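What follows is a single structure, written as structure tokens, with notes after it.
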Amino acid sequence: MNFNHPVIKAIRFLLLPVSGIYALILKIRHTFFNKNIFHSVTFDRPVICVGNISAGGTGKTPMVEWLVRHLQSYYRLAIVSRGYGRKTKGFLLADQQTTAETIGDEPRQILNKFPDLVFAVGEERVPAISRLIEEKPQTEVIILDDAYQHRWVKAAVNIVLTTYDDLYTDDFLLPTGNLRDLPSAANRAQAIVVTKCPSSLTLLQKQKIQKKLKVKPGQALYFSTIEYREPIHMKTRSKLRIEDYREVLLVTGIANPALMEHYLKQYPVKLSTKTYPDHYAFEQKDIDQLHTLYQSLGENVLMLTTEKDAVRLEKFTVNMNWAVLPIQTKFLDEALPFEEWLLQQIGQVNSKYN
């Protein structure tokens, strides 16, 4: 669904009273947690929570991958996720035999890159973390994926993400806007990361964003961008060059494919797109339709998809030139690098436990 369509936007604006009711419910809920009427659980090892204020599309998965990539040489890591979109229920400790259907597409994507990583999924985060610690007691740091609103767990480090072109302070609560929590909820975070920034972001632009976000004293503010890597063929795992093709057919089932489309337009190729809803569960009929579309485009066409979509597409064997476009989070230069700041935070938490 195109939420920017004028008719959809008008309908959403008419739902502003519903957003007001939602805001009241959120305020009551936060008050209950702040006054310990609802009790948050603290664990005996650092928990790093990665989340957002808006409903998806802020780059949580690339951020979690960044954390794993930069922390795994220092600590024995584990990730706990809800496993959105999976067809299973309850606690599940993943292995290389688990699929996107059993643990979710984003967990499967992360495990494809870090096959030795301890990864658990569970709708209820508190019992899931407890079970993980029981089964993997050697775990030193736990990354809690997409759980900023899940206040039953009191994380040691909260990292809130917001996108450069859609800051949470510029939006409304659902259903009028895309916020799933109050903008003031970001005050609990130790760090705010502005994602998907242009790599040429200036100091003046950073200062304007800091003012708009109303960053509190003591809160860290960082800026990151998305780096695209060379496409990788889904079957052969060989690297490909986009410019070697006449046309690219981009197939996506993510929250916001606009940034990827913008990136591909810099290449001297014709770009066609086929978009599906976020976390879309592809069926054989979709693959058949895509196959027909692919054949109609002629020769020397590259069918490109995202890493998240690839884990939902890999079970279909079709005679198409499928490739994946990998992405990575890259932090822009700051006086105190994000990795160094994060290690300091973990060290301070560990000193309290020891």
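Table for the structure above
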item: ARG125, sole failed condition from (1) within 25 Å of PRO217 (Cα to Cα); (2) in contact with a strand residue (DSSP E or B) (Cβ under 7 Å, 6 or more places away or on another chain); (3) of a type in the set (D, E, K, R); result: (1)
item: Verdict on LEU201 being closer than 20 Å to ILE327 by Cβ, at pLDDT 95 or above and outside any strand (DSSP E or B); result: yes
item: Unique residue being closer than 28 Å to LEU204 by Cα and either assigned to a loop (DSSP other than H, G, I, E, B) or outside the structural domain of GLN207 (by TED's automatic domain parsing) (or both) when the list is ALA335, ALA310; result: ALA335
item: Failed criterion for MET320 (all others in (1) surrounded by fewer than 18 Cβ atoms within 10 Å (Cβ to Cβ); (2) over 21 Å from ARG69 (Cβ atoms); (3) modelled with pLDDT under 95 hold); result: (1)
item: VAL64 vs. criteria assigned to a helix (DSSP H, G or I), of a type in the set (Val, Ile, Thr) and crowded, with 17+ Cβ neighbours inside 10 Å; result: yes
item: Pick from the range 82-103, criterion basic (Lys, Arg) and surrounded by fewer than 16 Cβ atoms within 10 Å (Cβ to Cβ), ranking: modelled with the highest pLDDT; result: LYS89
item: SER40, sole failed condition from (1) closer than 15 Å to GLU106 by Cα; (2) surrounded by fewer than 19 Cβ atoms within 10 Å (Cβ to Cβ); result: (1)
item: Unmet criterion (only one of (1) farther than 27 Å from LYS214 by Cβ; (2) touching a helix residue (DSSP H, G or I) at 6+ places or on another chain (Cβ under 7 Å)) for SER130; result: (2)
item: Residue check for SER184: closer than 23 Å to TRP66 by Cα and either surrounded by 20 or more Cβ atoms within 10 Å (Cβ to Cβ) or more than 18 Å from the chain's Cα centre (by Cα) (or both); result: no
item: Some residue of the range 37-57 being assigned by TED's automatic domain parsing to the domain that holds ARG188, part of a helix (DSSP H, G or I) and touching a Ser or Thr at 6+ places or on another chain (Cβ under 6 Å); result: no
item: Residue within the range 158-171 that is polar (S, T, N, Q), farther than 23 Å from LEU92 by Cβ and free of Cβ contacts under 8 Å to residues at least 40 places away in the same chain present; result: no
item: Subset of the range 261-292 [in contact with a strand residue (DSSP E or B) (Cβ under 7 Å, 6 or more places away or on another chain) and outside any loop (DSSP other than H, G, I, E, B)]; result: GLU261, TYR263, LEU264, LYS270, LEU271, SER272, THR273, LYS274, THR275, LEU290
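Residue by residue, here is whether (1) farther than 24 Å from LYS352 by Cβ; (2) among the small types (Gly, Ala, Ser) holds:
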residue	(1), (2)
LYS154	no, no
ASP165	yes, no
LEU174	yes, no
ASP181	yes, no
SER199	yes, yes
GLU227	yes, no
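The values are calculated or read from the model by the stated rules, or taken from the named source; none is laboratory data. As the structure is a prediction and not an experimental result, all values here were calculated from the model. Neighbour counts run over all protein chains shown; Cβ positions are idealised from the backbone, glycine included.
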